[in-house]
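The values are calculated or read from the model by the stated rules, or taken from the named source; none is laboratory data. From a predicted model like this one, the values you see are computed outputs, not experimental measurements. Note that each Cβ is placed from the backbone with ideal geometry, even for glycine, and that neighbours are counted across all protein chains shown. Accessible surface is based on the protein model in full, side chains and every heavy atom, while ligands, DNA and RNA are left aside. Shrake-Rupley method; radii C 1.70, N 1.55, O 1.52, S 1.80 Å.
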Amino acid sequence: MARAGEAPVVEFLCYHRDRPGSVPLREKLIEEHWSYMDRFDLIARGPTFAGDVLTGSVHVVDVPDAAAARAFAFAEPCYQAGAYRDVLVRRWRNVLGRTMWDFPGGREGGGHLVLGFGSGEAVDLVPARTDELIAYGPLLSDDGTAWLGTAALVRSADPASVLTGDRYDAVEVHEWEFGGRR
């Protein structure tokens, strides 16, 4: 989110998916990772899990354009060291207009990353149950003209229900927790 007097920025969601067996490498690089992230204006960040197994890392970042988003994603130290198997980079719009640090429910308790992938006519542009949403917005083409899905960080007993499931080609739900220095 641009501050007064600053150039406008564009929001992107980056989801780095771990390579199997990369946890020791990620642990070794944690300080480099956090120091790298500290250089950026982040809307949200944090690791994803399957049970107790680390599966990835999500970052929602303000940058000038798609090229800057890709530079952010691919210069990340864990990516450079080979810890990630792939990276999803999508333009995103911050529908809630806040960061994860502004979530009224606080940082305790974790949540879920919900990714709905689709095409065609946009759906779920106006979220329901905003008290459960930590971050929420549409996934868009690089130029912002085509709807490609929806991404949400949510604290809910039924996280997938924040999306209209039958309108998406695929919906992924990942355990997630607030990220950053501890």
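Residues of region 42-68 being of a type in the set (A, V, I, L, M), touching a residue at least 60 places away in the same chain (Cβ under 8 Å) and open to solvent by 40 Å² or more (accessible area, probe 1.4 Å), which ones?
If the condition is that a residue be of a type in the set (A, V, I, L, M), touching a residue at least 60 places away in the same chain (Cβ under 8 Å) and open to solvent by 40 Å² or more (accessible area, probe 1.4 Å), then A50 is the only one that fits.
Which numbered condition trips up A81, out of (1) under 29 Å from A157 (Cα atoms); (2) more than 12 Å from the chain's Cα centre (by Cα)?
Evaluating A81 over (1) under 29 Å from A157 (Cα atoms); (2) more than 12 Å from the chain's Cα centre (by Cα) leaves (1) as the failure.
Working only within region 173-182, note down all residues that are open to solvent by 20 Å² or more (accessible area, probe 1.4 Å) and either more than 18 Å from the chain's Cα centre (by Cα) or closer than 23 Å to D131 by Cβ (or both).
V173, H174, E175, E177, R182
Please count how many residues of region 18-54 are touching a Lys or Arg at 6+ places or on another chain (Cβ under 7 Å) and of a type in the set (S, T, N, Q).
0
Keeping to region 108-150, report how many residues are within 14 Å of Y168 (Cβ to Cβ) and either open to solvent by 20 Å² or more (accessible area, probe 1.4 Å) or not small (G, A, S) (or both).
Count: 15.
Being in contact with a Phe, Trp or Tyr (Cβ under 7 Å, 6 or more places away or on another chain) and under 21 Å from W147 (Cα atoms) is the filter; apply it to region 79-107 and report the residue that is most open to solvent (accessible area, probe 1.4 Å).
Looking at the filtered set, the residue picked out is R90.
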